[in-house]
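S.K.: Quick one: structure below, then a few questions.
Just so you know, all these numbers are worked out from the coordinates, no wet-lab data involved. Since the structure is predicted, the reported quantities are computational estimates derived from the model, not experimental observations. Please note: Cβ atoms are built from the backbone with ideal geometry, for glycine as well, and neighbour counts cover all protein chains shown.
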Amino acid sequence: MKFLCVFKKELRLYFGSFIAYSLATAFLLLTGYFFYTDLIFYDLFGDFMDITSSLWFYYFQQDMRFVIMLILPLLTMRLFAEEKKLGTIELLWTYPLKDPHIILGKFLACLFVFVMMVLCTFVYPLLLASVHQFDWGPPLAGYLGILLLGATFIACGTFISSLTENQVVSAMSTYGVLVFFWFLTWNEEAIGSQFIGLISHFSLFDRFQDFAKGVINSKDIIFFLLMTLFFLYLTLQSLESRKWRGIR
């Protein structure tokens with residue numbers, strides 16, 4: 001449980017400054033605005049569309065995933081980049097902690113902040129449920145997908161942050177990777193339909209679609225967990241590279 005000291009330290013840094021509060025405010029304002037506008041849209045066209053399914057699909061597939069892609073790189077950019085810039089990473093390495101403890105502590109602290117932000121948005125379906133009955137299956141599946149997708153984003157941002165000491169570079173590079181995954185399967189004419197079918201298995205956003213539709217597929221859950229572990233493994237390799245570079 002050595003990672004807990006890093007976990008607590010990171011939470012103090014998040015909530016001891018305006019980082020968590022400002023990003024959480026932006027996150028809630030954006031998700032609240034999108035939910036309100038989506039609800040108004042489906043209310044206006046309620047005679048033609050099923051609000052209990054179409055609303056949740058559009059909200060999670062188009063809006064929520066866009067917001068987390070916008071916010072999470074700003075949440076992860078400081079994890080290692082700030083430590084390197086301030087020189088405190090060397091002090092951290094002198095503690096009786098192994099690299100996996102450091103990575104796990106930082107990752108879980110960032111994930112905890114993200115989960116708290118997502119839980120705050122749960123008030124939106126609760127408010128809707130007070131005036132309109134609906135099946136809770138689709139929104140719960142959507143929230144599970146958002147948490148899994150967000151965990152993968154955080155792991156990716158953690159890896160990118162471990163490569164640089166510049167927080168802006170970390171955030172922009174993470175945006176670049178996530179945008180690449182976003183458009184991975186968009187141009188079928190350029191790379192062929194058969195190749196599209198192959199790479200769609202590795203597309204974060206294509207894998208998320210079933211959750212947005214209210215379907216929980218164990219293969220998709222395993223995929224996101226493996227992708228998260230993959231980026232954390234890359235982070236471990238990034239930190240351990242200091243050994244062959246002569247840094248202790």
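S.K.: Along the charge dipole of the chain, Cβ charges K/R +1 and D/E -1, which of 227, 93, 22 sits furthest on the positive end?
M.R.: Positive-end residue among those listed: 93.
S.K.: Follow-up question, since we're still on this one. What helices does the chain have that are whole DSSP H segments, at least 27 Å long along their own axis by Cα, and with mean Kyte-Doolittle hydropathy of 1.6 or more?
M.R.: Membrane-span-like by this criterion, though nothing is claimed about a membrane: 99-120.
S.K.: Under the 0.36 nm per residue contour assumption, what length would be gained going from the current alpha-carbon distance of residue 40 and residue 230 to full extension?
M.R.: Extending this stretch completely gives an extra 64.4 nm.
S.K.: If you place +1 on the Cβ of every Lys and Arg and -1 on the Cβ of every Asp and Glu, how big does the dipole about the Cα centre of the chain come out, in debye to the nearest 20?
M.R.: Here the size comes out at about 1460 debye.
S.K.: On to the next question. What spacing in nm lies between the two simple spin-label points modelled at residue 26 and residue 1, each 7 Å away from Cα in the Cβ direction?
M.R.: Taking the two extended label points, one gets 3.5 nm.
S.K.: Okay, next question. Exposure proxy check: 173, 22 ranked by fewest other beta carbons within 10 Å?
M.R.: Lowest to highest Cβ neighbour count: 22, 173.
S.K.: Moving on to the next point. Which order results if 235, 37, 228, 121 are arranged by neighbouring Cβ count within 10 Å, fewest first?
M.R.: Ascending number of Cβ neighbours within 10 Å: 37, 121, 228, 235.
S.K.: Right, next: Please report 118, 215, 6 as a ranked list, fewest other C-beta atoms within 10 angstrom at the top and most at the bottom.
M.R.: 215, 118, 6
S.K.: Still on this structure, please answer the following. Counting helices only, and only those DSSP H runs with n ≥ 4, report the 222 nm mean residue ellipticity of the chain as the sum of -39,500 (n - 2.57) divided by its residues, in deg cm²/dmol to the nearest 500.
M.R.: Dividing the helical sum by the residues of the chain leaves -24000 deg cm²/dmol.
S.K.: Evaluate the distance, in nm, between pseudo-label points positioned 7 Å from the Cα of residue 122 and of residue 90 along their respective Cα→Cβ axes.
M.R.: About 4.5 nm separates the two model spin labels.
S.K.: In terms of Cα to Cα distance under 20 Å, which lysines are near enough to residue 85, apart from those fewer than 8 places away along the same chain?
M.R.: List returned: 9, 106, 243.
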